[in-house]
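Chemist: Okay, here's the structure, questions in a sec.
The values are calculated or read from the model by the stated rules, or taken from the named source; none is laboratory data. On a predicted model such as this, the values are computed, not experimentally measured, just so you know. Don't worry about glycine lacking a Cβ; one is built from the backbone with ideal geometry, like all the others, and counts go over all protein chains shown.
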Amino acid sequence: MQLDELVEAFELLPDWEERYRILIDLGRKLPEFPDAERTEENRVQGCTSKVWLIAEKNGEVLDFRADSDSFIVKGLLAILLKAYSGKQPEEIQRTDIEDLFQRLGLEQNLSPNRRSGFYATVERIKAIAARAA
């Protein structure tokens, strides 16, 4: 599911329980994240849940892999990976994730802890992109 399709699906669902189900389903579809990569070095600080993030440079673009110990957070990570993976560092810096976050209606429907963890992950992605630029 592409980001635009996800926004459309969320707009059609008036019930947040259905949206949470979609988030959980997105998280379940994340690629396997090896236990050996669940290190403190790969861990995103500022998240209540445990979140691990890895970036790999493939030519001119960055690809990200991530995982969490929370099903909803894994879904949020899947959204971030769709927004940022496969882009050049400069594109990553210009991506307006806050607009997407609001279009999905996540701003008002996530706990403050999840919201701050989401943005901590965004900051980590942008810091990686800045170093790679």
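Chemist: What are the residues in the range 58-71 that are over 20 Å from LEU23 (Cα atoms) and either crowded, with 18+ Cβ neighbours inside 10 Å or in contact (Cβ under 8 Å) with a residue 60 or more places away in the chain (or both), if any?
Modeler: Within the range 58-71, LEU62 is the sole residue that qualifies.
Chemist: In the range 72-123, what residues are more than 22 Å from GLU56 (Cα to Cα), surrounded by 15 or more Cβ atoms within 10 Å (Cβ to Cβ) and not basic (Lys, Arg)?
Modeler: Within the range 72-123, ILE72, LEU100, PHE101, LEU104, GLY105, LEU106, LEU110 meet the criteria.
Chemist: Next up: Can LEU53 be described as surrounded by 14 or more Cβ atoms within 10 Å (Cβ to Cβ), under 23 Å from LEU12 (Cβ atoms) and in contact (Cβ under 8 Å) with a residue 12 or more places away in the chain?
Modeler: Judged against the criteria, LEU53 is not a match.
Chemist: Here's a follow-up. Conditions first: (1) farther than 14 Å from ILE79 by Cα; (2) in a helix (DSSP H, G or I); (3) modelled with pLDDT under 95; (4) not basic (Lys, Arg). LEU23 passes all but one, so which condition is the exception?
Modeler: All conditions are met except number (1).
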